[in-house]
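Report on the following structure.
Where a number appears in this text, it was derived from the coordinates with a stated rule and is not lab data. Note that the structure is a prediction, hence the values are computed from the model and not measured. Cβ: placed from backbone, ideal geometry, glycine included. Neighbour counts: every protein chain shown.
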Ligand code: C2E
Ligand code: CA
Ligand code: CA
């Protein structure tokens, strides 16, 4: 064969190989390259750490600045990662805005994730700085591992575990993860039937006025009774928020609440306002208000009977106009409460901007009453600000009489907690309402 031709053939083959392993946008290795290179390193004796790094809201960046800028950004992120790690470590781009990093040798996870975060959270393209948020999943291979894909899966699981937690930049895989994932899919496999079989029930927890000592409100809390066992909302609600089943459940609970209010109104003259937890996912549905108004009317009750409770987390998404959504809800006559206030997401100016009636002070503040430290001052400040802004306050998770005394002294308006009552089944709650007229 002609030598020249043969040479061309090799070049062509190399080129094809290159294409199969190189990401044309960043010049880094691609997914295939990551698998191959990581596998090689797995044979080595050293400790190894995998980090899956994801750029948050990259899609919005692309939309806003165009694909050219988007590609440039990916290239720059790749460069920054390279600068943050050792030459012997690996970085590849695995998919759109997802990078795989593989570190060999001792690694201080706190340190490396902070370094990556610092380098990437502000990126300069041309003359302009862009602020980015990244999230990472970490898996430390401390036992012998052979299967690269299973290591990637674990790092991805660790990444998934921090979804929605805006102030947590990375998650680390731990051995109980697998157990958790199994439980998660178990819950997912039971949820549809649970609605059909009416396994969900609504309980009501009284809110007592510090001025009158009477119940003036109550919070509706969902309960899942499965074969005589209770599954805790703290376990299933986060799962439902991730897989959007919460939209169905919130609506189900809301309908139950309306039905219960209708029944109470027939028998009792004055009933307390009932507050209902609505997750962000439900609130962002296009026809949310229309749907909920329809249910309200169907049971012949009024939005004035109901308070919509949204968490602080819901209010901090910059991409949505929460003000507009909440104003429409207010216009119909519902009142609005901010749940878990002080748990770490909100800004004070949001309190002024949004049409809020009530602040629910997170239990963590209440737990610290009696301790001599700054937190108490913070609680006082929250109560003062609320007064200034004409917002009502309710303290959550109040268990002790010294907490009650303190909250009365500081002019908190309402108290909710085991000290007065646990969440009650509807019939027990109805009796409670009747006795507390
Ligand atoms: P949350 O809205 O902060 O509800 C207060 C939680 O504190 C409830 O837990 C309640 O039972 C508990 N609690 C009340 N008083 C005390 C007390 O004195 N001491 C202690 N230790 N705990 C107290 P629960 O019922 O397990 O609900 C957990 C979370 O699940 C709720 O937190 C809420 O975020 C969510 N959730 C409950 N029902 C619904 C619902 O129908 N829809 C949505 N989207 N979320 C719900
Ligand atoms: Ca709540
Ligand atoms: Ca709460």
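What FRET efficiency, computed as 1/(1 + (r/R0)^6) with R0 = 45 Å and r the Cβ-Cβ distance, is obtained for residue 317 and residue 434, rounded to the nearest 0.05?
Efficiency, rounded to the nearest 0.05: 0.60.
If each residue of separation counts as 0.36 nm, what is the full-extension length gain between residue 111 and residue 284 once their alpha-carbon separation is subtracted?
Taking 0.36 nm per residue and subtracting the Cα distance, the gain is 58.6 nm.
Using a Förster radius of 41 Å, what is the FRET efficiency between residue 193 and residue 10 based on their Cβ-Cβ separation? Nearest 0.05, please.
0.10
Picking from 299, 139, 203, which is most flexible by a Gaussian network model of the chain using Cα springs under 10 Å?
299
Indicate, rounded to the nearest 5 percent, the antiparallel portion of the DSSP beta bridges found entirely in the range 69-181.
75 percent
Could you work out Rg/(2.2 N^0.38 Å) for the range 175-238, with Rg from alpha carbons only?
With N residues counted in the range 175-238, Rg over 2.2 N^0.38 Å equals 1.52.
Rounded to two decimals, what ratio of Rg to Rh does the range 105-223 give with C-alpha atoms and a Kirkwood Rh?
1.18
Taking each pair of distinct Cα atoms in the range 305-372 once, what is the resulting Kirkwood hydrodynamic radius in Å?
12.8 Å
Determine, at each q value in 0.13, 0.16, 0.18 (inverse angstroms), the log₁₀ of I(q)/I(0) that the Debye formula gives when each Cα of the range 178-308 is one equal point scatterer.
-0.60, -0.87, -1.05
Please work out the Cα convex hull volume for the range 308-437 and give it in Å³ per residue.
Given the Cα convex hull of the range 308-437, per-residue volume reads 128 Å³.
With a 10 Å cut-off between alpha carbons and a GNM built on the chain, which of 73, 19, 28 moves the most?
So, out of 73, 19, 28, the one fluctuating most is 19.
Below 8 Å between Cα atoms, with a sequence gap of 6+, how large is the relative contact order for the chain in percent?
11 percent
Quote to one decimal, in nm, the extra length available between residue 180 and residue 389 on full extension: 0.36 nm per residue of separation minus the C-alpha distance between them.
Contour length minus the Cα-Cα distance gives 71.0 nm.
Report, as a whole number in µm² per second, the diffusion coefficient that Stokes-Einstein gives for the range 186-435 at 4 °C and 1.567 mPa s using the Kirkwood radius over alpha carbon pairs.
For the chosen part, D equals 69 µm²/s.
According to a simple spin-label model (label point 7 Å from Cα along Cα-to-Cβ), what is the distance in nm between residue 149 and residue 427?
5.4 nm
When the Kirkwood radius is taken over all Cα pairs of the chain, what Stokes-Einstein diffusion coefficient follows at 20 °C and 1.002 mPa s, in µm²/s?
85 µm²/s
Rg(Cα) of the range 358-408 divided by 2.2 N^0.38 Å?
Cα Rg divided by the expected 2.2 N^0.38 Å: 1.06.
Please report 401, 121 as a ranked list, fewest other C-beta atoms within 10 angstrom at the top and most at the bottom.
Ordered by Cβ neighbours within 10 Å, fewest first: 401, 121.
How much length is gained if the chain between residue 25 and residue 166 is pulled fully straight, taking 0.36 nm per residue apart and subtracting their Cα-Cα distance, in nm to one decimal?
47.9 nm
Mind giving me the FRET efficiency for residue 324 and residue 214? R0 is 25 Å, r the Cβ-Cβ distance, nearest 0.05 is fine.
Result of the calculation: an efficiency of 0.10.
Quick check of the Kirkwood formula: for the range 260-338, what is the inverse mean of 1/r over all pairs of different Cα atoms, in Å?
Computed over the range 260-338, the radius equals 13.4 Å.
For a quick check: sort 77, 276 by the number of other beta carbons within 10 angstrom, fewest at the front.
Result, fewest neighbours first: 276, 77.
How many nm is it between the label spots at residue 352 and residue 124, if each spot is 7 Å from the Cα in line with the beta carbon?
Label-label distance for residue 352 and residue 124, simple model: 3.5 nm.
Provide, as a two-decimal number, the C-alpha radius of gyration of the range 20-173 over 2.2 N^0.38 Å, N being how many residues it has.
1.00
Which residue, 228, 297, 201, tops the fluctuation ranking in a GNM of the chain built on C-alpha contacts under 10 Å?
228
Rounded to the nearest 500 deg cm²/dmol, what is the calculated helix-only ellipticity per residue at 222 nm for the chain, with -39500 (n - 2.57) per DSSP H run of length n ≥ 4?
Here the helix-only value at 222 nm equals -15000 deg cm²/dmol.
With an 8 Å Cα cut-off and a minimum separation of 6 or more residues, compute the relative contact order for the range 303-419 in percent.
21 percent
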